[in-house]
Amino acid sequence: MRISMQKKEILKDEFIFETTLKNGLKVYLHPKRKFVQAFAALQIGFGGRDFRYLINNEKQELPKGTAHFLEHMLFENNGSTLSDFFIDQGADINAYTSRKLTSYYFSTRDNFTNLLKRLLDNFVDYNFSETSVKKERKIITQELSMNDDSYSVKAYKTLLKMMYKDESIYEDIGGSQKTIKEITIETLKKATTDFYHPKNMSLVLTGNFDKDEVIAMLDVHPFVLKNWHEYREITHKTDLSDKSKHIYKREDSALDTNIVEVGVKIPEAIFNDKSLDHNIITNSFFSMIFSPASPLYKVLKKKKLHNFTFSASPVIEDDYGFFNISIETKKVKLFSKTIQELLIDLPNMKFDEKIFKAYKRADIGRAIKAFDDVKQSHSLVKRLINDGVDLYTFVEKSKNITFDDFLVYQNIFTKNNIYIVEYLSKPLNKKKNK
């Protein structure tokens, strides 16, 4: 029986064909035939946080880093190397693991349907050997040792540890050299059974491909026709309490620059307010308060506390959120003192509603303009799906954000919600000449 797709308008003259297959896979086809490239992403709801989870309210555990380890293993599934096939076809394929998902993706100019078929072939059955497990463990150990050497990663992780007690928020997505030694073939089998089910996946296709050809291929593919085991829904409980420490300082002679990480935690009461669309509002909010025209930016520039390493952005997950500011600077003490004072003063700052509307229009304009580029539109559609934002109303929702919605975030900038980490370069003590 031919797969039936529902045609929906995401923007004027911009359509997505959407369906949920009988095996539970959610499919989004976004043809853009005027472009030369096509992009595909198979996304699985299995990420770095999933070392503890609940099935039917029963606690389940996996070694930390299992999702990332499995991502590596899937490139060597069933005794064949997935990347070799794509390279031979002149296509690019890769994957990544985030806190809440694993994504396998490729791009190509030719043979899109055949490549998509080969990608799905890889997810029908799972067979791993002890040899491949040992091989990937060695590769991942090297990756983790590189992260261990990164002070920017350490500083950011320390910030997360201060703000949240829950390990699933701050633990390395790849696990540790200790935990990946605990990953066995049995571990991987449990992970594929619990997470690698079509009901826990989505397939997003964008660009120059033949929609009817893709549907015809999906209609007869073993991944779609297979009699899958019953999927058991996975849930999480995240502890959002902190560790009651708001400032952390560390000196290290191996550090060649000073790093400051600042976090402003969005309180649970605000984050759990379903009337607020955090993914949409927080971007406009942070764009405005750190714009070159903002009082905060002007103070930082005047005191020479703003340089090319400065970054500021919201971090919004489905179970927590915060604002993050980071910089490498010689003026650590002055920067930390100044940024804290400026942030605490934000609730007293007067914002112009006209400027707010201008930033909102600019954000909406950037989102709409993304659809003029096939790669950007693919990334945007994936992000909206992963963030749980409705594809077909996100522009309208953005337009409906009010100045009062915006001001809700202004009041979270209190001393109790601000956390600061300082990593300081400590000069080596010079030995005295005898």
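The values are calculated or read from the model by the stated rules, or taken from the named source; none is laboratory data. Just so it is clear, the structure is predicted and the values come from calculations on it, not from any experiment. Backbone-built Cβ (ideal geometry, glycine too); neighbour counts: all protein chains shown.
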Checklist entry - Residues of segment 324-360 being over 13 Å from residue 264 (Cβ atoms), hydroxyl-bearing (Ser, Thr, Tyr) and within 29 Å of the chain's Cα centre (by Cα), which ones? => result 329, 336, 359
Item to check | Inter-residue pairs, beta-carbon under 6 Å, first under 29 Å from residue 34 (Cβ atoms) and without any contact (Cβ under 8 Å) to a residue 12 or more places away in the chain and in segment 209-234, second surrounded by 16 or more Cβ atoms within 10 Å (Cβ to Cβ) and of a type in the set (Lys, Arg), 6+ apart | outcome: none
Item to check | Verdict on residue 370 being part of a helix (DSSP H, G or I), without any contact (Cβ under 8 Å) to a residue 12 or more places away in the chain and in contact with a Ser or Thr (Cβ under 7 Å, 6 or more places away or on another chain) | outcome: yes
Next on the checklist: Considering only segment 219-237, I want to know if a residue exists there that is polar (S, T, N, Q), exposed (fewer than 12 other Cβ atoms within 10 Å of the Cβ), part of a loop (DSSP other than H, G, I, E, B) and outside the structural domain of residue 47 (by TED's automatic domain parsing).
Outcome noted: no
Checklist entry - Identify, please: which residue in segment 71-84 is in a helix (DSSP H, G or I) and either of a type in the set (Gly, Ala, Ser) or not assigned by TED's automatic domain parsing to the domain that holds residue 139 (or both) and is, among those, nearest to residue 129 (Cα to Cα)? => result 79
Next on the checklist: Out of the strands (runs of 3 or more DSSP E) lying entirely within segment 1-66, which hold 2 or more residues that are within 26 Å of residue 112 (Cβ to Cβ)?
Outcome noted: 6-11, 14-20, 26-31, 38-44
Checklist entry - Could we say that residue 362 is free of Cβ contacts under 8 Å to residues at least 12 places away in the same chain and either surrounded by fewer than 16 Cβ atoms within 10 Å (Cβ to Cβ) or on the phi > 0 side of the Ramachandran plot (or both) here? => result no
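Consider residue 87 carefully, then state whether it is assigned by TED's automatic domain parsing to the domain that holds residue 185, β-branched (Val, Ile, Thr), farther than 30 Å from residue 164 by Cβ and surrounded by 15 or more Cβ atoms within 10 Å (Cβ to Cβ).
It is false that residue 87 is assigned by TED's automatic domain parsing to the domain that holds residue 185, β-branched (Val, Ile, Thr), farther than 30 Å from residue 164 by Cβ and surrounded by 15 or more Cβ atoms within 10 Å (Cβ to Cβ).
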Checklist entry - Here are 271, 223: which of them is aromatic (Phe, Trp, Tyr) and modelled with pLDDT under 95? => result 271
Next on the checklist: Among the residues in segment 247-270, are any exposed (fewer than 13 other Cβ atoms within 10 Å of the Cβ), closer than 30 Å to residue 57 by Cβ and within 28 Å of the chain's Cα centre (by Cα)?
Outcome noted: yes
Checklist entry - Mind checking which residues of segment 323-343 are of a type in the set (A, V, I, L, M), farther than 17 Å from residue 406 by Cα and surrounded by 14 or more Cβ atoms within 10 Å (Cβ to Cβ)? => result 325, 327, 332, 339, 342
Item to check | Scope segment 37-78; condition surrounded by fewer than 23 Cβ atoms within 10 Å (Cβ to Cβ), under 17 Å from residue 170 (Cβ atoms) and among the acidic types (Asp, Glu); matching residues | outcome: none
Checklist outcome for this item: Among residues of segment 128-175 being more than 25 Å from residue 246 (Cα to Cα) and touching a Gly at 6+ places or on another chain (Cβ under 7 Å), the residue surrounded by the most Cβ atoms within 10 Å (Cβ to Cβ) is 175
Item to check | Filter result for the condition that a residue is of a type in the set (Lys, Arg), outside any helix (DSSP H, G or I) and without any contact (Cβ under 8 Å) to a residue 12 or more places away in the chain, over 298, 350 | outcome: 350
Checklist entry - Which one is farthest from residue 328 (Cα to Cα) among residues in segment 259-295 that are in contact with a strand residue (DSSP E or B) (Cβ under 8 Å, 6 or more places away or on another chain) and part of a loop (DSSP other than H, G, I, E, B)? => result 266
Next on the checklist: I'm checking my understanding of the structure. Among residues of segment 274-322 that are modelled with pLDDT of 90 or more and among the hydroxyl-bearing types (Ser, Thr, Tyr), which one is surrounded by the most Cβ atoms within 10 Å (Cβ to Cβ)?
Outcome noted: 320
Checklist entry - Is at least one residue of segment 102-117 under 17 Å from residue 192 (Cα atoms), part of a helix (DSSP H, G or I) and in the same structural domain as residue 171 (by TED's automatic domain parsing)? => result no
Item to check | Single residue of 215, 185 found to be closer than 30 Å to residue 5 by Cα and more than 26 Å from the chain's Cα centre (by Cα) | outcome: 215
Checklist entry - If you check every pair at least six apart or on different chains, which have Cβ atoms under 7 Å apart with a residue in segment 56-77 that is free of Cβ contacts under 8 Å to residues at least 40 places away in the same chain first and a residue that is buried (at least 24 other Cβ atoms within 10 Å of the Cβ) and not in a loop (DSSP other than H, G, I, E, B) second? => result 71/102
